[in-house]
Every structure is written in C-alpha cells, then in structure tokens.
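I have placed the structure first, in the form of structure tokens, so that the comments after it can refer back to it.
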Amino acid sequence: MKPTKQLFILCALIFLLPLTGYVQPKIELDVNTIMQDPKTWLGSSPQDIFWSEDSKWIYFGWNPEAADTDSLYKISINGGEPAKLTRLERLQIPTPEGTYSRNYQTKLFERNGDIYLYDTKGNSILQITSTSDVESNPKFSQDEKKVLFQQGMNLYFWDRKAGSTKQLTDFKKANKPKDSPSPKTDAEKFVKQEELSLIQIVKKRKEKRQRAKKARERENPNAPVKIYTDGKEVQEPALSPDNRFVTFRLIENDESTNTIVPDFVTETSFVKDLNARPKVGYPQRVSQFVFYDLQKDTLIYIKTDSLPGIFDVPEFTKISGKLDSSKNNKTKQQTPRQTISFGPFWNEKGTQAFVVVRSIDNKDRWLAMLDLTSGNLQSFEHQHDDAWIAGPNILWFPAAGAVGWMPDNKHVWFCSEETGYSHLYSVNPATGRKKALTQGEFEIYTPEISRDKKNWYFHANNVHPGEIHFFRMPLKGGKWEKLTSMEGRNAALVSPNGKELAIRYSFMNKPPELFVQKAKPNSRTVQLTLSTKEEWRNYPWRVPEIVQIPARDGEKPYARLYKPAKANGAAIIFVHGAGYLQNAHKGWSGYFREYMFHNLLTDKGYTVLDIDYRASAGYGRDWRTAIYRHMGNKDLNDQLDGAKWLVKEHDIDSTRIGIYGGSYGGFITFMAMFTAPDVFVAGAALRPVTDWAHYNHIYTSNILNIPQADTVAYRRSSPIYHAEGLKGHLLICHGMADTNVHFQDTVRLVQRLIELGKENWEVAMYPVESHGFKEPSSWTDEYKRVLKLFENTLQ
C-alpha cells in the first residue's frame with residue numbers, strides 16, 4: 001500500500017473514531033444546575049389530558065418552548081408530532097369539564113364565565129350566554145329541554161327550543177320586608193287591632209298598599225321569586241327535577257379575624273398587607289341546608305336531629321372546663337352538632353335524592369335520603385372516626401367525596417375507609433343492605449362508571465403501595481382487569497368510545513410522559529411525547545431502592561434509599577411535606593428538585609433516605625391517623641428508626657447524620673433537632689411550622705382538634721415549646737410572603753431561641769417568596785445553604 005493511501009486511511013479512521021464511539025459526557029451536578037428554571041433544562045411534562053369526542057385525538061397542556069405558561073396541544077392516537085392549537089382552534093373544542101346529556105350527544109360547559117352547548121356528533125358549539133357577569137354550573141333539566149345555570153347566587157333557565165332565558169330565583173341578602181312592623185307584645189297587638197278598627201283611613205291605606213302589590217305581581221307574573229336570606233350567604237343553589245323545590249346552603253357571615261402577611265418587595269416600594277387565613281380554632285360559620293317550595297312560597301330548614309350520633313359530643317372538641325385526656329369525654333348535648341350538607345344527589349329518573357352530611361368537627365359523615373315534601377333526612381350510611389374522616393376519595397373537609405347513584409336508580413355508591421382502607425361500596429337506601437365492591441389492604445382511587453354503564457374504572461395500588469395501575473371491574477363487583485402494565489405510576493383516561501387509554505406515565509427517574517394503548521389487558525403502549533431536555537438526559541439519574549424500615553412498634557415504613565458508589569459514612573434523611581402525601585413510590589416525585597438534589601448528595605458520597613413516615617398517604621386509615629393528637633411522635637420515631645437502621649445496615653457513622661425538609665418536613669426537622677438532639681448533628685427546616693395553634697383550621701383541627709379544647713395536643717406537637725432541646729446546627733429558611741405557613745412562625749421561634757441563649761442556628765429569609773418558591777435564584781440560594789450546612793457538619 002502506498003504511503004499516501006495509508007495516511008489517508010489513518011486520517012479517516014482518526015476522524016471517524018470520535019463519531020462512531022462518541023458518548024455525550026455526563027454532566028456534573030451542582031446546585032446552580034439543579035435549581036435553574038425546570039422548563040429550560042428539565043422540560044415540561046404533559047398536563048390536564050383529555051380526549052376528543054370522536055376518540056381520535058388526545059389534548060394536553062404542554063410547554064416544550066419554555067414559555068411563561070403551558071399551551072394546548074393535540075396528538076393523534078396513531079402517533080406523529082404533537083401540534084400546538086391556535087386560539088381559534090382552542091375555542092372550537094369544549095373544555096374537559098362539563099355535563100353530558102344522558103345519551104352523550106350534547107355537553108354543557110363553562111368557559112371564561114359564559115355557558116356553552118357542544119354537539120358531540122356535529123362537532124359544533126353554541127354559546128348560550130355572553131355577559132360581563134360570571135355564569136357557572138350548567139346542568140340539563142330533567143327533560144333535557146332546558147339548561148339550568150347559576151349567575152351570582154341565582155338560578156336561570158335557558159330554553160333550548162325558544163332560545164330564551166328566564167331568571168328563576170332572586171335571592172336577597174336581607175330580611176324579608178313587612179307591610180308594617182309586627183307587634184312584639186300582646187299589648188302592641190291589641191292597640192294595632194283597635195287602631196285599624198277605629199281609624200278608617202289607616203285601614204284604607206293598608207288595603208290600598210296590598211291591592212297595589214297584587215297588581216304589580218299580576219303585571220309581571222314571570223318575575224323570579226324573591227327569597228330573603230336574612231343576611232346569610234347562599235351556596236350551591238339547585239332545582240329539583242320536578243321544578244318545584246330550590247335547595248341551597250345558607251352560611252352565616254364570617255366573623256373570624258384574618259391574619260396579615262406583609263409583602264415587603266412591591267412595585268410601589270410600599271409595604272403591602274396580604275390578607276391571609278385565620279388561625280385554627282376560630283368559630284366556624286354556621287351552615288344550614290334549606291329548600292324553598294316554589295308552589296307554597298315557603299322556606300324550610302332541613303333538620304339533622306334524626307342522624308345517628310348527631311347529639312354526641314366527641315372527645316376534645318368542646319370546651320367544658322378541664323378535659324381529662326385519660327377519660328372518654330363523649331357525652332350528649334341538647335342540640336345537634338354543627339354540620340354541613342352537600343347535594344342533593346338525584347338519581348337519573350329524578351325520583352329520589354340523597355345528601356352527604358358532614359359534622360363540622362369532621363368526626364362523622366352521613367349519607368341520608370332527603371324527602372323535600374317534609375324536609376326529613378333518613379340516614380342509610382354512617383361513618384364515624386374518633387380521629388377524623390378523610391381518605392383518598394373523601395379528601396380534606398369540607399368535601400362530599402366520591403358518591404353517586406348506580407344505573408339501576410335504586411342503589412347508591414360511595415367510598416369509605418370502613419375496613420381501614422379506602423374502598424368502593426354500594427348500598428340500597430331502602431333496605432340498608434351494603435356490599436363491598438372492592439376489598440383488601442390497599443386503596444382505590446378515582447372510581448367512575450363507564451359510559452355504557454356496565455363497568456367500573458378506577459386506579460389502585462394493590463400491586464405495590466407505591467405503584468398505581470388502572471383497572472376495569474364489572475358494575476356489581478367481581479374480577480378485575482388490570483389494563484396498565486408499566487411499572488410506576490399510571491394515570492389513565494378512557495376514550496369516549498371505551499377502546500383506548502391515554503396514560504400519563506412516570507417512573508422514579510422518568511418524568512411523566514403521554515402514552516396511548518388499547519383498553520385491554522397486556523396491550524402494547526406507545527409513547528407520544530418526549531418532554532425532557534437533552535442536557536437533563538445526559539445525567540444518569542438514579543433509580544432509588546425501595547426499602548422498608550423496621551420501626552420500633554413493628555411497622556415497616558417504605559422509603560427511598562439513595563446509595564453512593566463510594567460512601568463517605570455520612571447520611572441525610574429527607575422528610576417530605578404535607579404529612580398526608582406519598583413520596584416513597586415508584587413514580588416521578590412532585591419533589592423533583594429534592595430528587596435531583598439527592599442525586600447530587602449521592603455523587604458526593606452521602607447516603608440519602610426518604611421515608612413515607614406515619615401520616616403519609618397510600619397506606620390506609622391507621623397510617624393516616626397515627627399522628628392524631630400528637631404530631632412529632634410516631635412520624636418522628638420513623639425518622640429516628642431510619643437513622644438507627646442506616647447505622648446498623650449501611651455502616652453510617654451515628655455522629656454524622658443530618659435531616660431536612662420543608663413545611664411539614666420542616667416541622668419534623670425542628671422536632672428532631674429539639675426532642676432527639678443526639679441523633680442528628682444538623683438540620684435544615686424550610687418554610688416550617690413552629691406552632692400548630694397558628695396554622696389553618698381545616699388541616700389542623702382534624703389532627704389536633706382545636707387548641708382551646710385540646711391544649712395538651714397542641715403543646716406537645718408544637719416545636720416552639722421544645723426549643724430548649726436544641727444542640728446541633730440548625731438552618732431555617734422561610735419566604736417572608738408565605739400565606740400558608742406564615743413567616744411569623746419563624747419570627748416567633750427566633751425570639752424563643754434568642755431568649756434561650758441558643759447560638760448554633762441561622763435564618764435565611766426570602767422577601768419575594770410565598771410557601772412554594774417561584775424564583776430559581778431563591779431555590780439556588782436556599783439549597784446552597786442546605787448543602788453548605790451538611791458539608792460543614794457531616795464531614
């Protein structure tokens with residue numbers, strides 16, 4: 001071979017080597033990279049997925065361009081490139097929310113405060129209202145010839161054939177006017193009668209006023225009926241199927257004192273006061289469930305006296321002198337407990353209705369049949385919980401929860417934690433006969449009856465507590481069909497024709513993407529989107545090991561374990577927020593920044609543990625309520641047992657363990673540093689609760705009752721009462737404009753630490769941030785401080 005030819009081949013090989021063997025270099029993680037705007041380097045996952053009515057297209061919110069907000073995209077079920085919809089195209093499709101006619105050929109929906117009617121077959125939209133006021137809650141009348149909607153507090157009819165609108169109610173937030181003041185005493189009554197009989201001009205003027213009033217009514221016979229609420233607020237007005245009754249809630253005026261959160265950095269440069277929530281324990285607004293008889297012009301208040309247990313006074317919910325926590329304080333009272341009602345829920349025929357009634361103290365929930373002619377309630381399902389009523393299909397108070405009528409118009413379906421796990425039930429209100437449609441030591445989520453009314457669709461974590469799949473089950477119960485197969489979290493939506501599934505799927509190291517498959521078991525899934533950025537994909541993101549931690553009481557909390565290739569002997573425990581939240585699951589975490597931060601820590605040799613402690617979601621009622629009357633007990637013990645397990649099983653130095661978390665996680669960090677100071681050498685409490693008596697009512701009263709009635713629970717659960725125990729190094733980070741956990745929480749604790757003479761703590765405040773930070777610069781500064789804390793104290 002000639003030298004020139006050899007040289008050419010050698011040069012060609014040198015040129016080709018980096019191309020054929022080229023591997024994109026792994027990026028080196030640092031806090032600046034992790035905490036930058038996630039839209040620009042991580043990507044934006046598909047959100048708010050819904051189907052076209054012809055089942056050929058999937059719509060979703062997406063932001064691959066890293067714009068300020070998501071845009072609406074669509075993609076064919078056959079694949080291809082997602083297409084961004086123009087404004088005109090968006091207006092030519094209905095919103096995903098709405099109400100269908102019984103045959104699913106028309107759909108009512110609200111958009112930007114106006115009501116629309118969509119023809120699913122003709123693919124056309126008719127605008128019903130076009131006003132500057134806000135119209136909402138559109139529904140079909142029983143015969144589906146009219147559309148009922150709400151404007152302000154009032155109900156309106158729109159006639160589909162005539163195209164005309166009529167106001168049905170005229171709620172007046174005032175006292176009902178009277179022709180003349182009513183006598184207050186027998187003496188006043190006597191002299192009034194005498195005056196009318198003696199002075200004829202007085203009598204004639206009264207009769208004239210009455211004739212004029214009747215004449216005005218005859219002139220306008222279609223005027224809406226005036227309903228006076230005596231100054232109370234009207235909520236959820238609804239018309240009965242026979243058009244005779246209007247049901248609604250009356251709520252007394254809110255007399256609570258709201259807290260003020262100063263906003264220091266504003267456009268005007270002047271401090272602005274943010275009107276925030278009240279504190280726990282304030283008097284709750286009295287709610288009354290009412291119906292108005294349009295035929296009799298009568299307002300009737302529904303009585304709850306017949307509900308079982310309504311006169312019981314649950315323990316630690318009422319102030320009655322000193323309460324002895326060792327005694328059962330459940331006594332009887334003379335008046336029914338305060339409740340709030342939801343509904344009524346009518347069967348498809350419009351012949352029967354039930355309501356959901358929940359006690360304000362959230363210890364009881366009733367399902368009760370409603371007789372509008374008498375105003376009576378007849379309970380057919382009662383759930384009591386000494387802690388509080390909740391669960392994945394009931395949610396936080398106030399809410400009706402997942403309930404409805406079965407297609408036979410005779411049975412009611414609902415969800416309950418009766419067995420300790422949230423499951424689906426049906427009951428015959430007439431006989432009280434109840435049937436569990438699902439059962440087992442797992443939870444079901446989002447139950448829904450199929451359009452053909454033959455099956456149930458729901459999600460469940462029966463395969464593994466941290467794994468969500470989508471199932472189909474016969475309407476009356478029976479064998480389940482597992483429709484999804486990918487390990488992780490599958491959030492599925494059935495197409496209108498019932499043949500396809502749109503799935504928002506994620507795994508521990510894979511953010512959610514959109515997939516499609518046939519609505520049959522073992523079907524092939526096709527990925528439709530790729531949302532992550534190339535730079536982000538150039539790092540080998542870890543799949544944490546799902547482990548179980550042996551707890552001191554025999555339970556085994558699940559946890560995510562991040563193990564470094566070369567451990568440095570130190571460990572960090574992360575505590576997720578919210579309390580009732582699941583993070584040690586097999587899907588993409590809502591704490592994605594923390595997930596990436598844990599990869600950075602692991603790169604540096606730290607072992608990281610993330611525990612689904614007591615109070616976390618996904619593990620049933622007993623797990624959820626394990627913190628009742630004592631937050632910072634079993635939930636904290638799970639962290640302490642996790643630290644012990646790390647030392648025993650993973651050779652972690654017991655003197656080199658740190659802890660951190662935000663919100664509820666910040667609270668647990670405080671409790672760890674104050675009440676178990678020899679376990680953790682350092683802790684970072686982010687946006688933390690320091691005193692539960694200063695948090696909101698809905699969340700806190702469920703768990704700790706109210707502070708003036710259960711002082712013991714609040715004092716033993718609030719870090720500010722235990723601050724004297726601080727030994728290790730403490731970092732506190734808090735947004736000053738936080739309207740959830742107020743910056744005042746941190747300020748009060750700081751004063752306590754000063755008075756106690758503590759020195760090994762510091763505070764970082766973020767003037768423009770609320771509870772969840774928005775600015776990448778704030779996230780970056782916060783987590784640089786967290787990393788610095790651990791680097792300086794755990795080495």
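The values are calculated or read from the model by the stated rules, or taken from the named source; none is laboratory data. Everything quoted here is computed from the prediction, not taken from an experiment. Cβ placement follows ideal geometry from the backbone for every residue including glycine, while neighbour counts extend to all protein chains displayed. Keep in mind that these areas ignore ligands, DNA and RNA; they rest on the heavy atoms of the full protein, side chains included. Shrake-Rupley method; radii C 1.70, N 1.55, O 1.52, S 1.80 Å.
Counting only the heavy atoms of the protein chains, how much of MET486 is accessible to a 1.4 Å probe, in Å² to the nearest 10?
In the full protein context, MET486 sits at about 30 Å².
Residues in segment 779-795, backbone N under 11 Å from the label point at ASP653 (7 Å along the Cα-to-beta-carbon vector): list them, ranges by number please.
793-795
Hey, with R₀ at 60 Å, roughly what FRET efficiency would ILE199 and VAL286 work out to, going by the Cβ-Cβ distance, to 0.05?
0.90
What whole-number value in cubic angstrom gives the convex hull volume per residue for the C-alpha atoms of segment 721-781? Before the final figure, lay out the partial values.
Values: hull volume 5.2 nm³, N = 61.
It is 86 Å³ per residue.
How much accessible surface area, in Å² rounded to 10, belongs to the heavy atoms of ASP678 with a 1.4 Å probe?
For ASP678, the solvent-accessible surface is approximately 120 Å².
Calculate how steeply helix 3-20 sits against the longest principal axis of the alpha-carbon atoms of the chain, using the helix alpha-carbon long axis, and give the answer as 0 to 90 degrees to the nearest 10.
With rounding to tens, the tilt is 30 degrees.
How far apart, in nanometres, would the label points at GLU144 and LYS518 be if each is projected 7 angstrom from Cα along the Cα-to-Cβ direction?
Between GLU144 and LYS518, the label points sit 3.1 nm apart.
In degrees from 0 to 90, rounded to the nearest 10, what is the angle of the helix 634-650 Cα long axis to the longest principal axis of the chain?
Relative to the chain, helix 634-650 is tipped by roughly 10 degrees.
Give me the number: length gained by fully extending ASN112 to ASP678, i.e. 0.36 nm times residue separation minus the C-alpha to C-alpha distance, one decimal in nm.
Using 0.36 nm per residue and subtracting the Cα-Cα distance, I get 198.1 nm.
What is the extension gain from HIS771 to THR525, computed as 0.36 nm multiplied by their sequence separation minus the C-alpha to C-alpha distance, in nm to one decimal?
Fully extending the segment from HIS771 to THR525 adds 84.8 nm.
When we measure straight from the Cα of LYS206, which lysines land under 19 angstrom away, once same-chain ones fewer than 8 places off are left out?
LYS176, LYS178, LYS189, LYS192, LYS214
In segment 617-776, with Lys and Arg counted as +1 and Asp and Glu as -1 at Cβ, which of these residues, THR655, THR711, ALA737, has the Cα nearest the positive end of the dipole, that is, farthest along it?
THR711
Which chymotrypsin sites (Phe, Trp or Tyr not before Pro) in segment 393-452 sit in a loop by DSSP (not H, G, I, E or B) and have at most 14 other Cβ atoms within 10 Å of their own Cβ?
Numbers: sites: TRP396, TRP405, TRP413, PHE414, TYR421, TYR425, PHE442, TYR445; in loops: TRP396, TYR421, PHE442.
Those satisfying the criteria are TRP396.
Quick one: putting +1 on the C-beta of Lys and Arg, -1 on the C-beta of Asp and Glu, what dipole do you get for segment 235-320 around its Cα centre, in Debye to the nearest 20?
Computed about the Cα centre, the dipole is about 80 debye.
Could you check the spin-label model distance between HIS464 and GLU28? Points 7 Å from the Cα along Cα→Cβ, value in nm.
That separation, rounded to one decimal, is 3.4 nm.
May I ask you to derive the FRET efficiency for ALA223 and ASN568 from their Cβ-Cβ distance with R0 = 60 Å, giving the value to the nearest 0.05?
The computed FRET efficiency comes out at 0.15.
To the nearest 0.05, what FRET efficiency results for GLU236 and LYS604 with a Förster distance of 56 Å applied to their C-beta separation? Please list the in-between numbers first.
Numbers: r = 54 Å, r/R0 = 0.97.
Once the sixth-power term is evaluated, E becomes 0.55.
Accessible area per residue for the chain in Å², computed with a 1.4 Å probe and the full protein assembly in place, what is it?
Value returned for the chain: 48 Å² of accessible area per residue.
Among 295-301, 515-521, 601-607, what's the highest-first ranking by average C-beta atoms within 10 angstrom per residue?
Numbers: 295-301: 11.4, 515-521: 17.4, 601-607: 20.0.
Those peptides, ordered most packed to least, come out 601-607, 515-521, 295-301.
What is the antiparallel percent of DSSP beta bridges lying wholly in the chain, to the nearest 5? Numbers along the way, then the final one.
Values: 126 of 156 bridges.
DSSP beta bridges in the chain are roughly 80 percent antiparallel.
Pairs of lysines 8 or more apart, or on different chains, with alpha carbons under 26 Å: count those in segment 484-537, would you?
Total qualifying Lys-Lys pairs in segment 484-537 comes to 5.
Under the 0.36 nm per residue contour assumption, what length would be gained going from the current alpha-carbon distance of GLN167 and LYS435 to full extension?
92.2 nm
How large is the accessible surface of LYS178 in square angstrom, using a 1.4 angstrom probe and rounding to the nearest 10?
140
Over the chain, with every protein chain in place, what whole percent of the accessible area is carbon and sulfur at 1.4 Å, could you tell me?
It is 50 percent, rounded to a whole number.
What is the dipole size for segment 61-197, taken about its Cα centre, with +1 at each Lys and Arg Cβ and -1 at each Asp and Glu Cβ, in debye to the nearest 20?
Values: 21 positive and 20 negative charges, 83 e Å.
Dipole about the Cα centre, nearest 20: 400 debye.
With charges only on Cβ, +1 for K and R and -1 for D and E, what is the dipole size of segment 498-630 about its Cα centre, in debye, rounded to 20? Each step should come with its number before you reach the end.
Working: 21 positive and 12 negative charges, 64 e Å.
Using only the charged Cβ atoms, the result is roughly 300 debye.
Taking the Cβ of ASP745 as the center, what net charge do the other residues with Cβ under 14 Å away carry, scoring Lys and Arg +1 and Asp and Glu -1?
+3
Against the longest alpha carbon principal axis of the chain, how many degrees, from 0 to 90 and to the nearest 10, is the axis of helix 743-756 turned?
So the inclination is approximately 60 degrees.
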